[in-house]
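The values are calculated or read from the model by the stated rules, or taken from the named source; none is laboratory data. Note that the structure is a prediction, hence the values are computed from the model and not measured. Here the Cβ positions follow ideal geometry from the backbone for every residue, glycine too, while neighbour counts run over all protein chains shown. The accessibility values were calculated without ligands, DNA or RNA, using every heavy atom of the protein model including side chains. Shrake-Rupley method; radii C 1.70, N 1.55, O 1.52, S 1.80 Å.
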Amino acid sequence: MAFAVLAAGLAYAFIVVNGSNELWSGFTFIMLLPMLIGAFLSLATPIEYRNHFRSLFSIQFYLFGVLILVFALIMREGVICILMLALPWLVFGMIGSWLSFLVRRRIRVRGRFLSASILILPIMSLQIETQLDPPETLYRVERSVVITATPADIWPSLLSIDNIQAGEGKWNFTQDLVGVPRPTSAVLEGTGLGATRHAAWGKNIRFKEHITAWQSDEELQWRFHFDDDSISRYTDRHIAPNSDLLRIETGGYRLELIDANASRLTLYTDYRTQSWMHLYASLWGEIYLGDIQENILALIKNRQDQL
């Protein structure tokens, strides 16, 4: 167990000192480190359980749970990052335990020496990773809702929506369980191209949306502008919306007339990631951004229905 904690601590310290958010989503931290920790935990498992893989699996699961709690309580990692890390850490930790289980008889005599010697592997891997440029990928998250109203009726609500109450919108995982603040207002300043929407989430998060496309009753598009670090400060310190790891770029509404008195309202967000684990991260992007979008669309629909 001491080897596992030491390996995690060394890798964590290296990433903090290096100051690169990209390393949190790199293959070393997501894959290699939990595999090594799983192997160390396997070696530390009491001998009476070592030849029973089901018992070994249960022990590893609980110990990894404790390790994840350490990240949450002692290292003060945010809920967003912990949720994203939990699944791959458990999976790759189990893979490391399984590999150790298979080769334990061959390394029984030199197991402790081997465990100590491979502690350096995560640090070496991180050193290599800092010299490589992870791939950059563009993603779009999109959600739609059907509203019983014409595009002309809905359009004013897309420009400005103020005084949003806590009970408005839709229950969702991201905002009601993870704790991402809900929007409280989006107020338009100006008209047409060049106008700015001032968005507010909760009591502390503020950002701007610079209008880049304006087609009345059809489409409103903007480019995000983040003046401060309020999103990372009040959600998760590794989730900065204008970093190399994650760059939330543009968004918009699109209105389509379905029939004489019904319209489809679509909300979309475009963002870029630069990470070796971008496919996995994009799954969480669909969850987090999708929940936020569905809440906003439900809010607009509910207000429109009350008119």
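Here are a few things to note about the model shown:
- Matching residues in segment 249-307 - criterion: being more than 29 Å from ILE82 (Cα to Cα), touching a residue at least 40 places away in the same chain (Cβ under 8 Å) and in a strand (DSSP E or B): TYR253, LEU255, GLU256, LEU257, ILE258, ALA262, SER263, ARG264, LEU265, THR266
- Some residue of segment 233-247 being in a loop (DSSP other than H, G, I, E, B), within 23 Å of GLN165 (Cα to Cα) and open to solvent by 30 Å² or more (accessible area, probe 1.4 Å): yes
- Within segment 188-232, the only residue that satisfies the criterion of being hydroxyl-bearing (Ser, Thr, Tyr) and touching an Asp or Glu at 6+ places or on another chain (Cβ under 8 Å) is THR196.
- Of the numbered criteria (1) closer than 21 Å to SER157 by Cβ; (2) open to solvent by 40 Å² or more (accessible area, probe 1.4 Å); (3) in contact with a Leu (Cβ under 8 Å, 6 or more places away or on another chain); (4) not β-branched (Val, Ile, Thr), the one GLN221 fails is (3).
- Complete set of residues in segment 198-218 that are open to solvent by 40 Å² or more (accessible area, probe 1.4 Å) and of a type in the set (Gly, Ala, Ser): SER216
- Any pair with Cβ under 9 angstrom, 6 or more apart, that starts in segment 220-246 at a residue that is without any contact (Cβ under 8 Å) to a residue 60 or more places away in the chain and at positive phi and ends at one that is of a type in the set (D, E, K, R) and open to solvent by 70 Å² or more (accessible area, probe 1.4 Å): none
- With respect to the conditions (1) modelled with pLDDT under 80; (2) in a helix (DSSP H, G or I); (3) open to solvent by less than 50 Å² (accessible area, probe 1.4 Å), GLU77 falls short on a single one, namely (2).
- In segment 149-178, the residue that is nearest to ASN204 (Cα to Cα) out of those that are loosely packed, with under 14 Cβ neighbours inside 10 Å and within 16 Å of the chain's Cα centre (by Cα) is LEU177.
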